[in-house]
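Since the structure comes first, as structure tokens, the remarks are kept for the end.
The values are calculated or read from the model by the stated rules, or taken from the named source; none is laboratory data. Source: prediction; values computed, not measured. Cβ: placed from backbone, ideal geometry, glycine included. Neighbour counts: every protein chain shown. Heads up: the accessible areas ignore ligands, DNA and RNA and are worked out on the full protein's heavy atoms, side chains in. Shrake-Rupley method; radii C 1.70, N 1.55, O 1.52, S 1.80 Å.
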There are 2 protein chains.
Amino acid sequence: MAESSIRGGARDAAGNRMSTDDPLPSWREGQAKSAILTFVRSVCERGGSFVPESARVATFDNDGTLWCEKPLYVQADFVFRRLAQMAEEDPARREEQPWKAVIEGDRAWLAGLTQHLPELIRGVTEAYAGITTEAFEQAVREFFASAKHPTLDVPYTQVGYRPMRELISMLQDHGFTVYICSAGGRDFVRPVAEQLYGIARQCVIGSATTLEYRDGQLYRTKGVEQPIDDGPGKPVHIWTRTGQTPLLAGGNADGDIAMLECARFGLLIRHDDADREFAYDTGAERALSEARERGWTVVSIKNDFAAVF
Amino acid sequence: MAESSIRGGARDAAGNRMSTDDPLPSWREGQAKSAILTFVRSVCERGGSFVPESARVATFDNDGTLWCEKPLYVQADFVFRRLAQMAEEDPARREEQPWKAVIEGDRAWLAGLTQHLPELIRGVTEAYAGITTEAFEQAVREFFASAKHPTLDVPYTQVGYRPMRELISMLQDHGFTVYICSAGGRDFVRPVAEQLYGIARQCVIGSATTLEYRDGQLYRTKGVEQPIDDGPGKPVHIWTRTGQTPLLAGGNADGDIAMLECARFGLLIRHDDADREFAYDTGAERALSEARERGWTVVSIKNDFAAVF
């Protein structure tokens, strides 16, 4: 491996490396792209900043960092469909939250993540409790085979950010092991991580329901693995899985601050492109303000992404 | 990769592959060796039993499967030294279990794992509670740099089984990702897994204390991550970490039954060599009896290992 040059990370639709001299063709020239390339070169080249491959761990948040999280989380769409079905089957559910809000289309209630967290978590865990990990995976695959993004009007498998996919490939080509580190469900992302991002299922870190093994099968139970993979839980999950802190980490929200803080190189995606994606700083106010102090590289979707999807 | 032949897994002391036609030179010819080679060949060769590399996951218990667990667990020696030090520093501890048993050398009490489990777990978690994962790793490294096995009279880094190291290398050479899956402490094994077995730290699965992230550091707290990585907890930990059940698994005790049960190919190490290692079936009675019914390959240390260490 020639360690003095950065090789291309671009892939065509079939996953083959595209012949190009630019490792990140969907990134516009600018400070962000240049900071990334400089950092990757520095840890791969023999010299003062060299890092062996075994310690080249990169972790990326998923919602809003690798794929679109608006107007609602992809997993919320998945879970709400199931909750509606449960309310259909069991009328008593219709008077209980969060089932009530789902069937009444009460977006205000459902958007109240902070006020209604216990009910929402209950909904998420009960939606698929008691089934095997295999049956859950099947339900996830069926969802991705048919569901479409409500405003972009494409399957959810097409709402990943192309520049981030290039970045992942480039890192992998340079000896990094790249992990997803999602506050969302680990087992919800695993079935599509390879297709969407070229990331193997064992490299998906995320929140999870508790599991139980009996009679040769793994069953999802009603608990939630603690801590949740968000905020200060992210470094805990990353250590648990890798025994390391990340060399490079990417996020987009306040829940990613702890992960970025413990990484050597931090990337913060800023959603500022209402035309091609969505524009919002809500939920990222602290992260954006800390980025300046801590020297994280802020990536503007509007200015730094030549293509978004 | 030539998929029709089995390549050598033997390594010299420096970790370089030894030139030999026999992939497992420390294994005697016999049913066990032959069953392993046949299975590995069948999943690597294109054909009905072919398994893609992404699904070639192998998991091995550690104590008694990869290294010697008698006369006491390596980790017990590590923890007891620390408990003795704690009792030295704080005399009140000397009247409390398990500190009392440690300083009085009360082997009978300490061996009563089942009766004294709560006290022993308390001892294990309190021994190194409140320190960072980094400081804990340093303590583990210092232990391995000086401590010796009480009867074999060699450093603990030399009590791994040579035939198992060859098997791990051979599996890795054939596209397997090999994990340790230990009921003992994950972070106790990580610092030496590469040196002892050629297994990277991110491939160590095991029981763990709870962790907390604050002020840019990870601290060990007093809880124990649930479930413990033993018995039915093993498939849960393996799924959590890999999103799969093992293609091949190796164990030596009743606590490994669930892991072997969910694997396609199960290996059960039998300790029957009082001259070169230890002879005991205690704690493996059910596993040995299930091996027959379930077709697990039983490996006799006495008959199947040409060399042990």
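Counting helices only, and only those DSSP H runs with n ≥ 4, report the 222 nm mean residue ellipticity of chain A as the sum of -39,500 (n - 2.57) divided by its residues, in deg cm²/dmol to the nearest 500.
Only helices count here, giving -11000 deg cm²/dmol.
In whole percent, and with a 1.4 Å probe on the protein chains, what portion of the accessible area of the protein assembly as shown is carbon and sulfur?
48 percent
Which whole number gives the average, over all residues in B:213-222, of C-beta atoms from other chains lying within 10 Å of the residue C-beta?
Mean partner-chain Cβ count within 10 Å for B:213-222: 4.
Using the crude model of +1 on Lys and Arg Cβ and -1 on Asp and Glu Cβ, and no other charge, please compute the dipole size for chain A relative to its Cα centre, in debye to 20.
Here the size comes out at about 600 debye.
With a 1.4 Å probe, how much accessible area is buried between chains B and A, both sides summed, in Å² to the nearest hundred?
Using a 1.4 Å probe, the pair buries roughly 2300 Å².
Taking the axis that carries chain B onto chain A, what is the nearest Cβ in chain B, and at how many Å, to the whole number?
Result for the axis mapping B onto A: B:ARG241, 3.
With just the Cα atoms of chain A, tell me how far they stretch along each of the three principal axes, in Å, largest first.
That gives 65, 47, 39 Å along the principal axes, largest extent first.
Over the stretch B:225-309, what lengths in whole Å, largest first, do the semi-axes of the equivalent ellipsoid take, defined as the square roots of 5 times the eigenvalues of the alpha-carbon gyration tensor?
Working from the Cα gyration tensor, I get semi-axes of 24, 13, 12 Å.
Given label points at 7 Å from Cα along Cα→Cβ, what nm distances, shortest first, separate B:PRO25 from the same residue in every other copy?
Values, ascending and in nm: 4.9.
One decimal, nm, shortest first: give the distances between the label point of B:PHE50 and those of the same position in the other copies, each label point 7 Å from Cα along Cα→Cβ.
Output for B:PHE50: 4.0 nm, nearest copy listed first.
Treating the beta-carbon of each Lys and Arg as +1 and of each Asp and Glu as -1, no other charges, what is the dipole magnitude of the stretch B:162-309 about its Cα centre, to the nearest 20 debye?
Roughly 380 debye, rounded to the nearest 20.
Considering only the other residues whose Cβ falls under 10 Å of the Cβ of B:ARG93, what net charge follows from Lys and Arg at +1 and Asp and Glu at -1?
Counting the neighbours of B:ARG93, the net charge comes to -4.
Just the Cα atoms of the stretch A:59-138, one point each, no solvent: what log10 I(q)/I(0) does Debye give at q = 0.13, 0.21 Å⁻¹?
Listed by q, the Debye log ratios stand at -0.44, -1.04.
Any chance you could give the angle, 0 to 90 degrees and rounded to 10, that helix A:186-197 forms with the longest Cα principal axis of chain A?
The angle comes out at about 40 degrees.
Tell me the Kirkwood hydrodynamic radius of the stretch B:149-197 in angstroms, computed as one over the mean inverse distance between distinct C-alpha pairs.
12.2 Å
I'd like the orientation of helix B:133-146 relative to chain B: the angle between its Cα long axis and the longest Cα principal axis, in ° from 0 to 90, rounded to 10.
Helix B:133-146 sits roughly 80 degrees off the main axis of chain B.
When the Debye formula is applied to the Cα atoms of the stretch A:100-225, each taken as the same point scatterer, what base-10 log of I(q)/I(0) results at q = 0.16, 0.20 Å⁻¹?
Here the Debye-derived log intensity ratios amount to -0.99, -1.30.
Return the equivalent ellipsoid semi-axes of the protein assembly as shown as a descending list in whole Å, where each equals the square root of 5 times an eigenvalue of the C-alpha gyration tensor.
Rounded to whole Å, the semi-axes are 42, 29, 26.
Lysine pairs in the protein assembly as shown 8 or more apart or on different chains: how many have alpha carbons under 18 angstrom apart?
Going through the protein assembly as shown pair by pair, I get 6.
Could you give, in nm with one decimal, how far B:ALA307 is from each other copy of that position, shortest first, with labels 7 Å out from Cα toward Cβ?
Output for B:ALA307: 5.5 nm, nearest copy listed first.
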